[in-house]
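The values are calculated or read from the model by the stated rules, or taken from the named source; none is laboratory data. As the structure is a prediction and not an experimental result, all values here were calculated from the model. Surface accessibility is based on the protein's heavy atoms, side chains included, excluding ligands, DNA and RNA. Shrake-Rupley method; radii C 1.70, N 1.55, O 1.52, S 1.80 Å.
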Amino acid sequence: LPLAGRDPALHRAVARRAGVPVLQDLEEWLAHGILLEAGAAPLGPPAARESGRRGAAPARARAALVVVGAGADLVSSEAQRAGLPAPLKLDLDDPQAAAAALHKTAQRAEVVVLCGPSSDTAELKPSPPTLRVDPAQPERLRALLRAVALPAPRPDDSQPVPATGDAARVQAVLTDLPPPLYLSGAVVSDEPLGDHDCKRLLHAYGAAVTRQAPVNTSTAALRVLTKLGLPVLLLPPPPPAGDGLAAALAEERAATLCTTQAEVKRHATLLLAKHPYILLREVIPAGPRLRAVVSPERGLGPVLRLARVRPGSAEPDWQAALVPLLRGEARELAGFFGPPGDGAPQGESARTAQQLGQLLGQLSACATAHDLRLDLLIAVEPEPVVVHATGELKRAAPAR
């Protein structure tokens, strides 16, 4: 399925829901055909299919790459880019040793990719499935390794991410909202939600949000401080809901960082002289940020869009998924936007990606339950948490 049109992120979202790979060119299409012909698709971590069996054999690698002749450096580079293990280089001068090494390698992998000229690889007979590619055709090699590296579907991929709202908390948020407005006798159903109310609603569905509380006296600020701890941010009331990212940046500029109890009392007194209330919020360390937007698309319903926040970038690189999210979609999105892993243990990176996928599912469940538009800023590390939120809630008219 090649992409065309003005919104490739939306096309990828539809293809992901349909279970159809998105291919960029003819070489990728041919690579998937080679996988199907060899009986090597779908591939993926065997742990997703076999680890549940007690006494199962050790999980095999997705693929083993074997290089015969020239091209080992190119294959190693492309394998690293695709997330595949480093290749084994075979020396055909000793046929028996080469056959033994190939047999041993094939036992540890689901598929063997033989890289080399056909004249050199023709005599090699590893256990199937086996794919053959000549490194002299780098585009074909690159496309084949990308296709091999695609993870296999898991049994639960088509199930929604489990997230159930706390009915009491949801009702408390809805009760605290102002009564519906009427225009010419008709109820105005679009209710803008500010940062605090939006986070309360998201938290009712289990989503991790910043710990914060509004206060209208300096005494109340000190009482809240005992729960939040130091340092803490003091913020004036947020402006009317608008562009979520612009509002978040304006909020950061207006925030006052306090590191002592005396600073909290002094700045709270000064701010409350100008505003009816202020907000105390925990400090989230600087680090990668994501923007998440949930909005309806004609003919598709609500869509979740996700992009990294890069200061100075003209146009974010969006990924998208249909709402409500399925588990496989949530895992894939989290894989795109999880921590890069540089300087962090692999286990921590995997755990953060899992937490991000769970958070996206909770956002999806909340948006689905309340026909809710969302515009959020998410901190990825050390744990994914919503640091800024705006929304628009569809409310039904009260019974008369």
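Observations
- Amide H partners (placed H, <5 Å) of LYS89, local residues excluded: VAL67
- Shown for the chain: the carbon plus sulfur share of the solvent-accessible area, taken with all protein chains present and a 1.4 angstrom probe, equals 56%.
- Computed over region 187-239, Cα set: Rg, Dmax in Å: 13.5, 44
- Under Karplus coefficients 6.51, -1.76 and 1.60, residue-wise ³J(HN,Hα) of region 191-203 in Hz, glycine/proline x: 9, x, 10, x, 4, 5, 5, 5, 5, 4, 5, 5, 5
- Computed on the Cα trace of region 252-301, the radius of gyration divided by the Kirkwood hydrodynamic radius gives Rg/Rh = 1.22.
- √(5λ) per eigenvalue of the Cα gyration tensor, region 125-209, largest first, Å: 55, 18, 12
- Our coupling estimate for region 222-234, obtained by passing each phi through the Karplus curve with A = 6.51, B = -1.76, C = 1.60 and θ = phi - 60°, is 5, 5, 5, 4, 5, 8, 7, x, 10, x, 9, 9, 10 Hz, Gly and Pro reported as x.
- Cα pair distances of region 118-270 binned at 10 Å [whole percent]: 8, 21, 21, 14, 11, 11, 10, 4, 0
- √(5λ) per eigenvalue of the Cα gyration tensor, region 203-334, largest first, Å: 34, 16, 15
- Among (i) 35, 25, 23; (ii) 38, 26, 17; (iii) 51, 24, 18, the entry that matches semi-axes √(5λ) of the Cα gyration tensor in Å as calculated here: (iii)
- Each Cα pair under 8 Å and six or more residues apart adds its separation to the average, and for the chain the resulting relative contact order is 17 percent.
- Remark: region 158-168, residue by residue, has Karplus-estimated 3J(HN,Hα) of 8, 8, x, 5, x, 7, 10, x, 7, 4, 5 Hz, where x stands for each Gly or Pro and the curve is 6.51 cos²θ - 1.76 cosθ + 1.60 at θ = phi - 60°.
- Residues of the chain: accessible area per residue with a 1.4 Å probe, Å²: 53 Å²
- ILE34 accessible area, 1.4 Å probe, all protein chains in place, Å² to nearest 10: 50 Å²
- Remark on GLU297: its backbone amide H falls under 5 Å from those of VAL303, a criterion applied only to residues 5 or more positions apart or on other chains, H modelled at 1.01 Å from N.
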